[in-house]
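Step one of this worksheet: look at the structure below.
The values are calculated or read from the model by the stated rules, or taken from the named source; none is laboratory data. Here the structure is a predicted model, which means the values were calculated and not measured. Cβ sites come from the backbone with ideal geometry, for glycine too, and all protein chains shown count toward neighbours.
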Amino acid sequence: MNELKEAVQRKISFGATVRAVLWSFFGVRKKSDYDEDVQNLNPVHVIVAGIIAAALFVLGLLMVVKLVVAA
């Protein structure tokens, strides 16, 4: 339980978390960068950034499909 409390209190910027999440969506990441992220990222920020990125991805796909179908 202490590990979870310590993980949530990590002080890394939300922007760095978003960057890490976007790299994970792309699927290309150095192992050293991944290890650093595991040590430093706040898990709550990762979840929020992942949900936002997934929603934006789905909305982007929907917009592309609407443009293609309308043409």
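Contact map, the range 41-63: first residue farther than 18 Å from W23 by Cβ and touching a residue at least 12 places away in the same chain (Cβ under 8 Å), second residue in a helix (DSSP H, G or I) and β-branched (V, I, T), Cβ cut-off under 6 Å, separation 6 or more or different chains; pairs are V44/V8. Within the range 38-57, the set of residues being among the aliphatic types (A, V, I, L, M) and in a helix (DSSP H, G or I) comprises V38, V44, V46, I47, V48, A49, I51, I52, A53, A54, A55, L56. Evaluate the following for S32: is it exposed (fewer than 10 other Cβ atoms within 10 Å of the Cβ), in a helix (DSSP H, G or I) and of a type outside the set (A, V, I, L, M)? Yes, satisfied.
For every residue, the table says whether it meets (1) at pLDDT 85 or above; (2) assigned to a helix (DSSP H, G or I); (3) not aliphatic (A, V, I, L, M).
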{"residue": "V18", "(1), (2), (3)": "yes, yes, no"}
{"residue": "V21", "(1), (2), (3)": "yes, yes, no"}
{"residue": "V28", "(1), (2), (3)": "no, no, no"}
{"residue": "E36", "(1), (2), (3)": "no, yes, yes"}
{"residue": "L59", "(1), (2), (3)": "yes, yes, no"}
{"residue": "V68", "(1), (2), (3)": "yes, yes, no"}
